[in-house]
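Data block below; observations after.
The values are calculated or read from the model by the stated rules, or taken from the named source; none is laboratory data. This one's a predicted model, so the numbers in the text were calculated from it and none came from an experiment. Please note: Cβ atoms are built from the backbone with ideal geometry, for glycine as well, and neighbour counts cover all protein chains shown. All accessible areas refer to the heavy atoms of the entire protein, side chains included, with ligands and DNA or RNA removed. Shrake-Rupley method; radii C 1.70, N 1.55, O 1.52, S 1.80 Å.
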Amino acid sequence: MNRPAATILMVLLGAALMAACSTGTLWFDEILSLQWAKSAENPWQLLELYRHDNNHPLNSLWIMAVGEGQPPWAYRLLSVASGIASLVLIHRIARRLSPRFAWVPLALSATSFPLVLYSSEARGYAPAIACLLGAYLLLAGKGGTAWRAPLFWLLCTLAVLAHGTAATILAAMGTASILRGIMEKQKAAAALGNLALWFAVPFLATAAHWYS
């Protein structure tokens, strides 16, 4: 079997598992998320007022948009789509590291119980994972920053809105950026300027969300 065909089959396998698992009844945490979305009088309350582990704002906004009385899979559609996008992004990252064996992390991810679980429940984990993978690809990419940096800022902000723990991954990415500058023997001003270029906006957006 050629590699493109194998890649497509593995993505389809992961997508099928996520879709199949998204059809069951809502979990208790998902029901709580649904209640947060129902109790909010407007979308801004989900971003600023309701600060609770079961309010993953981006997912809660999706639930609010879907509305009441919908089947479980409708509330989980954002997560399923994010999970499928994550598989594609994982394969792209793996191809940069090893084109020959990029199928290995894809196969492991497509059949990963945690990833399938997170991608089949109406929570914020799957969107956060997809946004962070996309942000990593942009950060590690080459070429001009005129379009990469703004898209990176957007994905980082969406990741934090999807789930607050995404901030720890952003901190790790920022640390890696500093270490890479040291290894490349960049001047301090250049290294700090590069760090500010990529991470100042996500940091300010995260701070504004948490402390508003």
Positive-end residue, the chain charge dipole about Cα centroid, Cβ charges, pick of Leu58, Cys156, Gln35 | Cys156
Solvent-accessible area per residue for the chain (1.4 angstrom probe, square angstrom) | 55
Taking only the alpha-carbon positions of the chain as identical scatterers, the Debye log10 I(q)/I(0) at q = 0.11, 0.18 Å⁻¹ comes out as -0.59, -1.24
Most fluctuating of Trp103, Trp36, Trp147 in the GNM of the chain (C-alpha, under 10 Å) is Trp147
Under DSSP loop assignment and at most 10 Cβ neighbours within 10 Å, longest GluC sites (Glu not before Pro)-free interval of the chain = 69-183
Given charges at Cβ of Lys, Arg, Asp, Glu: the chain dipole, positive-most of Tyr118, Tyr211, Gly67 = Tyr118
Springs between alpha-carbon atoms under 10 Å, Gaussian network over the chain: tell me which of Gly67, Gly143, Gly134 tops the mean-square fluctuations.
-> Gly143
Where the centroid of each part is defined by its Cα atoms, how far is segment 167-199 from segment 1-51 in Å?
-> 32
List the trypsin sites (Lys or Arg not before Pro) within segment 6-79 that fall in a DSSP loop (any state other than H, G, I, E or B) and whose Cβ has at most 16 other Cβ atoms within 10 Å.
-> Arg51
Can you list the lysines whose alpha carbon is less than 21 Å from that of Lys38, not counting same-chain residues fewer than 8 positions off?
-> none
What's the center-to-center distance, using Cα atoms, between segment 53-76 and segment 125-163 in Å?
-> 23
